[in-house]
Amino acid sequence: MLGLIGRKVGMTSLFLPEGDVACTIIEAGPCPIVRIRTPERDGYAALQLGYGTIKPKHLTKPMAGYFKKQGVQPVRILREFRLSDVNTYQVGQVLDVRLFNEGDVVSVTGWSKGRGFAGVVKRHGFAGVGGRTHGQHNRERHPGSMGSNTFPGRVWKGKRLAGRYGNERVTVENLLVLKIIPEKNLLVVSGAVPGPRGGLLLIYK
């Protein structure tokens, strides 16, 4: 699926005939084609797109040599989009928000907000263990009994316990493109997308 790399600008609402619709503003592109993968050479067909500017002094020597070999300006972020046919594209070609049209349905991939090591109440919505009565001490937000006895004599794998919460790759599908502002590279889609303001996003057609 062809798409663009972008970042989340923020959320707002649009007043449409069907009512007030919550939407997300995404800065999508411009994304130059840095490399074209072909089945003959790489075993699969894909476009490697770049996003964001970076000063050459901030590049490592291998990456500086890579961009010089491809003959393109250095970019901050590289991502690949697999396609069935890449013959109509060429290195250096720039894809922008005009890749989409109003009314298109897109999928958006982002990385959810990281919340660190969280307990079961925050991570899974547990109710906690009762109130602060009957001599309990520091038990209000604990998971309680694990539910296992002599057999199996251990905690079952996959139980909902405390652990790292967030900072995961999340894809939201079937978002409607409500508006396109090409002069500012802005894409307005219905609903919410994962990640904080300024977070990296991949928008697929």
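General observations
- Stokes-Einstein translational diffusion, region 118-165 - Kirkwood Rh over all Cα pairs, 0.692 mPa s, 37 °C, in µm²/s: 272 µm²/s
- Of the labelled figures (i) 19; (ii) 43; (iii) 23, only one reflects percent of Cα pairs over 30 Å apart as derived from the coordinates, namely (ii).
- Total lysine pairs under 14 Å (Cα atoms) in the chain, excluding pairs fewer than 8 apart on one chain: 6
- Cut-off 17 Å (backbone N to label point 7 Å along Cα→Cβ of His58), residues of region 79-97: 79
- Relative contact order, percent, the chain [alpha-carbon distance under 8 Å, six or more residues apart]: 32 percent
- Crossing angle, helix 61-70 versus the chain [Cα axis fit, 0-90 degrees, rounded to tens]: 40 degrees
No value in this document is a laboratory result; all are computed from the given coordinates. This is a predicted model, so every value here is computed, not measured. Ideal geometry is used to build each Cβ from the backbone, glycine not excepted, and the neighbour counts take in all protein chains shown.
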